[in-house]
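Trainee: Sharing a structure here in structure tokens format.
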Amino acid sequence: MDPRESRLIRRLKQRDEAAFREMIRTYQTEVYNLIFRMLGNKEEAEDLAQDVFVTVFKAIDGFRGESKLSTWLYRISVNHCKNRFKYLSRRNYNAMQPLNEITERAMSGRDGGPAMPLQGQVNRPDRMMEGLQLEQAIQREIAALDEDQRMLVILRDVQGLSYQEIAAITELPEGTVKSRLHRARMILKDRLKKYL
Amino acid sequence: MDHQRAKELFSQYLEGDLPPEQQSEIEAHLDQCQTCKVEMEALEKTLSSLAGLAAVPPPKDFDRKVQQRIRRRSRGRFFAPENLLNRIPFEWISFIVIMLMLVMYFMLIQAQVTVRPQVPRRDAGAASHPGAVLRPDRGGK
């Protein structure tokens, strides 16, 4: 483990508030994006991402450093997502309703300016609309995958984690991760063909 | 290599995860099979679109909201007291300000005592002898 991370973990175990802020700022984008892509809803994602960091602090004393801090955070996020799915499915929550979220985000960036469009900079409005439609289609088709496949696609193909990390997060053998991911990709490929 | 086997290896092929002989086999198959080539290209585009999804920025003040949630749930007992260097030490500032004000107060009092105007006093001897008249000194006579 790299010395900076060891120091951060030691400070977290001492319940150092500044260390906590540092950890949130370092990992908030990854955690929030994973959850947002999984749930497709901004408010749910924010609420659950906050819960993930609360859990980190509740459980930090039990963290033995056998994995990277980011892997541990991802594992907590994945478990929280699964629990939230169970909770939401009892309330007939539809994970395939993220389109407004994406449109809203695309229309206004973080600081009021335009948000970063899909796949780099697009100056032409027609191209931007195409990008937006593609992003909506991708998000819709990701949401239509089963929960485990969706998780793997997001971790590997959206967030770019290594197979080793994904295996550690999901506690699945690497071979299983690869084969399940391949099936998910083939499904997405067929469903997205008309948009690509 | 048949279509089915080729399709099973698409992901590994695109990720460069195949041994060299299988890599060559699949390339040979793609050269001959237009259907598999189209499928492979569609998969490549799909993966590139997924990788190109823009990151969604977390909400503003996310870290502050998390800290508030922790404080609320732990009733403020969760975090260790902060190091004085990491925050403004209001208690020390208050103490110093109070001490300075006290010092200034005592200095002002002291200054008032020392600059109080002298009230002209009668001569002590004259006061003791009401009939005595002050006369100018006439050379000691």
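Trainee: Quick one: buried accessible area between B and A, total over both chains, 1.4 angstrom probe, nearest 100 Å²?
Mentor: Its buried surface, counting both partners, is about 4200 Å².
Trainee: Counting partner chain Cβ atoms within 10 Å of every residue's Cβ in A:16-25, what's the average?
Mentor: What the average comes to for A:16-25 is 5.
Trainee: With θ set to phi - 60°, apply the Karplus curve 6.51 cos²θ - 1.76 cosθ + 1.60 along region A:31-39 and write out the HN-Hα couplings as whole Hz, x wherever there is a Gly or Pro.
Mentor: 5, 5, 5, 4, 5, 4, 5, 6, 9
Trainee: On to the next question. When the solvent-accessible surface of protein heavy atoms is calculated with a 1.4 angstrom probe, in what order do A:TRP72, B:TRP92 fall, highest first?
Mentor: Sorted by accessible area, descending: B:TRP92, A:TRP72.
Trainee: By its C-alpha gyration tensor, with a ≥ b ≥ c as the square roots of the eigenvalues, how is region A:1-64 shaped: rounded for a/c under 1.5, else prolate for a/b larger than b/c, else oblate?
Mentor: prolate
Trainee: If you filter region A:31-82 for trypsin sites (Lys or Arg not before Pro), then keep DSSP loop positions with at most 10 other Cβ within 10 Å, what is left?
Mentor: A:ARG64
Trainee: Partner chain Cβ atoms within 10 Å, averaged over the residues of A:134-147 - can you pull that number for me?
Mentor: 1
Trainee: Going by average Cβ density within 10 Å per residue, which order do the peptides A:173-179, A:130-136 take, highest to lowest?
Mentor: Per-residue Cβ counts within 10 Å, averaged per peptide and sorted highest first, yield A:130-136, A:173-179.
Trainee: Rounded to the nearest angstrom and ordered from largest down, what semi-axes does the equivalent ellipsoid of region B:1-69 get from its C-alpha gyration tensor (root of 5λ)?
Mentor: Sorted largest first and rounded, they come to 42, 13, 8 Å.
Trainee: So which lysines can B:LYS65 reach, going by Cα to Cα under 28 Å and dropping same-chain residues fewer than 8 places off?
Mentor: Partners within reach: A:LYS13, A:LYS42, A:LYS58, A:LYS68, A:LYS82, A:LYS86.
Trainee: For A:GLU43 paired with B:ARG71, estimate the spin-label separation in nm (one decimal), with each label point 7 Å from Cα along the Cα-to-Cβ line.
Mentor: Each label point is offset 7 Å from its Cα along the Cβ direction, giving 2.5 nm.
Trainee: Residue by residue through region B:56-68, what is 3J(HN,Hα) from phi via Karplus (6.51 cos²θ - 1.76 cosθ + 1.60, θ = phi - 60°)? Round to whole Hz and write x for glycine and proline.
Mentor: Those phi angles translate into 8, x, x, x, 4, 6, 4, 4, 5, 5, 5, 4, 4 Hz.
Trainee: Lysines within cross-link reach of A:LYS189: Cα-Cα under 23 Å, excluding same-chain residues under 8 positions apart?
Mentor: Filter leaves A:LYS178, B:LYS7, B:LYS37, B:LYS45.
The values are calculated or read from the model by the stated rules, or taken from the named source; none is laboratory data. Quick caveat, the model's predicted, so the values are computed rather than measured. Don't worry about glycine lacking a Cβ; one is built from the backbone with ideal geometry, like all the others, and counts go over all protein chains shown. Note: areas computed on protein heavy atoms with side chains; ligands, DNA, RNA excluded. Shrake-Rupley method; radii C 1.70, N 1.55, O 1.52, S 1.80 Å.
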